[in-house]
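Here's the structure we're looking at; comments come further down.
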Amino acid sequence: MNRIVIALISGILFGAGLVLSQMVNPQKVQGFLDLFGNWDPSLVLVMGGAVAVTLVSSRFILKRKTPIFADRFYMALKTNIDARLILGAVLFGTGWGLSGYCPGPGLINAMINPSEAIVFIPALIIGGWIGQKYSA
Amino acid sequence: MLESLPIEALYGGILIGLSAALLLAFNGRIAGISGILYNLLFNNLNNYDRGWRLAFLIGLFVGGYMLLPTDFALREGYSNILLILSGLAVGIGTRIGNGCTSGHGVCGIGLLAGRSIVATIVFMAAGIATVTIMRLSGLIG
């Protein structure tokens with residue numbers, strides 16, 4: 001039960017962060033990706049702020065043998081850089097640019113711009129289902 | 001340029017980082033939205049593994065809702081074809097590449113995971129290339 005509450009709070013912080021930072025504004029995201037045009041640098045602060053926190057906190061967290069409420073850390077098992085990783089990242093980045101939505105902001109837009117979310121979210125789920133069929 | 005650097009972007013980023021730190025420190029889990037979503041939808045999970053993922057996603061909507069309404073102008077009349085292609089590419093790509101902006105970009109880089117650093121550089125480059133091509137071809141303003 002503790003872990004469910006933690007997950008809920010973590011989700012709340014994440015959702016609030018995405019809206020506060022305007023990551024949920026796809027036009028702003030596309031402006032951020034328009035590096036060679038009318039570049040909007042503000043989302044550097046979002047990634048920078050988030051990574052600054054995870055870089056520092058991870059050092060302390062991983063000094064523990066186990067998480068506070070769980071038996072172990074569930075880290076990614078893969079460490080090799082393979083073609084699937086690169087192909088996946090190319091596809092993801094391309095899709096991110098096409099709409100300005102990555103998964104979290106795409107979901108939250110169900111409450112902000114539902115006329116786009118009703119098209120994007122089903123495609124996101126179908127895409128994940130297709131990707132799953134080709135996952136090792 | 002400075003007026004387009006709102007401090008809220010930094011605060012929002014810090015909240016996202018805290019979210020990831022909390023989930024890792026207490027539950028030992030990575031706050032990767034694509035992984036959480038697809039494991040919940042497509043994999044057989046026990047009650048706890050389903051429960052925490054569902055709680056996280058419910059929280060995502062609750063946290064977002066708490067800060068609505070947003071003050072930016074909504075995009076109107078965007079191409080449904082682009083939205084569909086985007087959703088499919090993001091879905092396929094994050095599934096076979098094992099992560100998105102959150103899992104690779106925020107959590108993985110924080111853990112100095114080589115795969116995540118490479119994935120983030122590649123998806124940023126692909127996003128920049130895509131938007132550049134779209135602007136040059138007149139698909140976006």
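The values are calculated or read from the model by the stated rules, or taken from the named source; none is laboratory data. Since the structure is predicted, the reported quantities are computational estimates derived from the model, not experimental observations. Here the Cβ positions follow ideal geometry from the backbone for every residue, glycine too, while neighbour counts run over all protein chains shown.
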Could you go through the range A:48-56 and let me know if any residue there is surrounded by fewer than 19 Cβ atoms within 10 Å (Cβ to Cβ), over 17 Å from the mean Cα position of the chain (by Cα) and either more than 17 Å from residue B:15 (Cβ to Cβ) or at the interface with chain B (Cβ under 7 Å from one of its Cβ atoms) (or both). no
Based on what the data block shows, is residue A:38 exposed (fewer than 15 other Cβ atoms within 10 Å of the Cβ) and within 26 Å of residue B:28 (Cα to Cα)? no
Identify the residue in the range A:78-120 that is more than 7 Å from chain B (Cβ to nearest Cβ) and of a type in the set (A, V, I, L, M) and, among all such residues, is surrounded by the fewest Cβ atoms within 10 Å (Cβ to Cβ). A:83
Could you grab the pairs with beta carbons closer than 7 Å, sequence gap of 6+ or different chains, first residue in the range B:83-105 and more than 7 Å from every other protein chain (Cβ to nearest Cβ), second one not in a helix (DSSP H, G or I)? B:99/B:32; B:103/B:30; B:103/B:32
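Identify all residues within the range B:31-43 that are within 7 Å of chain A (Cβ to nearest Cβ) and under 16 Å from the mean Cα position of the chain (by Cα); write none if there are none.
Within the range B:31-43, the subset within 7 Å of chain A (Cβ to nearest Cβ) is B:31, B:33-34, B:37-38, B:41-42.
Within the range B:31-43, B:31, B:33, B:34, B:37, B:38 meet the criteria.
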Verdict on residue B:103 being of a type outside the set (Phe, Trp, Tyr), out of contact with any His (no Cβ under 9 Å at 6 or more places or on another chain) and either modelled with pLDDT of 95 or more or surrounded by 19 or more Cβ atoms within 10 Å (Cβ to Cβ) (or both): yes
Pairing a residue in the range A:122-136 that is assigned to a helix (DSSP H, G or I) and modelled with pLDDT of 95 or more with any residue that is surrounded by 15 or more Cβ atoms within 10 Å (Cβ to Cβ) and among the β-branched types (Val, Ile, Thr), where Cβ atoms lie under 6 Å and the two sit 6 or more apart in sequence or on different chains, gives A:123/B:84; A:124/B:90; A:127/B:92; A:130/B:92; A:131/B:92; A:131/B:96
Is it fair to say residue B:26 is surrounded by fewer than 24 Cβ atoms within 10 Å (Cβ to Cβ) and either more than 7 Å from chain A (Cβ to nearest Cβ) or among the hydrophobic types (A, V, I, L, M, F, W, C) (or both)? yes
